[in-house]
1. Name every residue in segment 109-148 that is at pLDDT 75 or above, part of a loop (DSSP other than H, G, I, E, B) and small (Gly, Ala, Ser), in order of residue number.
2. Output the qualifying pairs, or none if there are none: Cβ atoms under 9 angstrom, residues six or more apart or on different chains, first residue in segment 156-176 and part of a strand (DSSP E or B), second residue of a type in the set (S, T, N, Q) and surrounded by fewer than 18 Cβ atoms within 10 Å (Cβ to Cβ).
Amino acid sequence: MRIAILLLLGACTSSSTHPAEGYCTRVTRLLCASNERCCDLEERTYATEAECFEENLFLCANAFEDPARDDYLAYDSVAAGALEAEIRARTEDCGALDLGLRSGEGGVHDVFGSTRGAGDACGGDIPWSACSEFCLREVDSGLGGLGDLVGEGTCGPPLSEGELCWAGSAVLPCEAGLTCIVGETEGRCAPSPVEGEACAGFLDCAEGLACFSAVCVPLCPNGDLCEGSTCASRFRDEDNRCADPPPARSHCDVWRPIG
């Protein structure tokens, strides 16, 4: 399997300066030209630009066929333009490509956007993922505290402080800086616990903290063995100490087969 280039089908339409028509072709040519220009022959997955173009144009079309036909997604010319600019900037100096390029399902949300905004219905026959933010379903707390989330809801932003976010099943999202604090029968959005305060889940604590042994503690800096918390970098080196993650793969590595 090879890493498919993140592009767009030419089947969609747009009147912007970054139209869907031909977008896949334009950026595939841009990337394949940089592969030949930046990489020595022995480093390439593709010996020629033409071979690169043919295969990756096909992969691109397959990756975007379903979202292009999805009633709840629409081509986003602004996002597509930003992606094209990023790719162009990375290829001009032969920079690493894998950070800004994702294939298949991952690419859908980069160049397609939801058609469902705040106040639109969601759930039921409309997938919850169709919302541009969240599908906020009603919390049914009428079952002795063991309620669930009703299947249909409304697209909208995260919940504010004091709003009901849990009643026995799935947890609804709270605004930044808030956590769904769960009691015996319900949970409500409240300020996230700070250092030394009790917590229930890894993401419950305020920024810069982690929930460890049910208490919010500071994240560990690089070089720390971090036996009582979590690394701020979310990465450990070969000595099991906190460290920065390894740098992005080189421009040429992104073309090599996976597995």
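1. Taking segment 109-148 and keeping what is at pLDDT 75 or above, we get 110-136.
Add one more test, that the residue is part of a loop (DSSP other than H, G, I, E, B), and what stays is 115, 117-120, 124-125, 127, 132-133.
Result: 117, 118, 119, 124, 132.
2. So the pair list comes out as 164/141; 174/160.
The values are calculated or read from the model by the stated rules, or taken from the named source; none is laboratory data. Remember, predicted model here, so these are calculated numbers, not experimental data. Backbone-built Cβ (ideal geometry, glycine too); neighbour counts: all protein chains shown.
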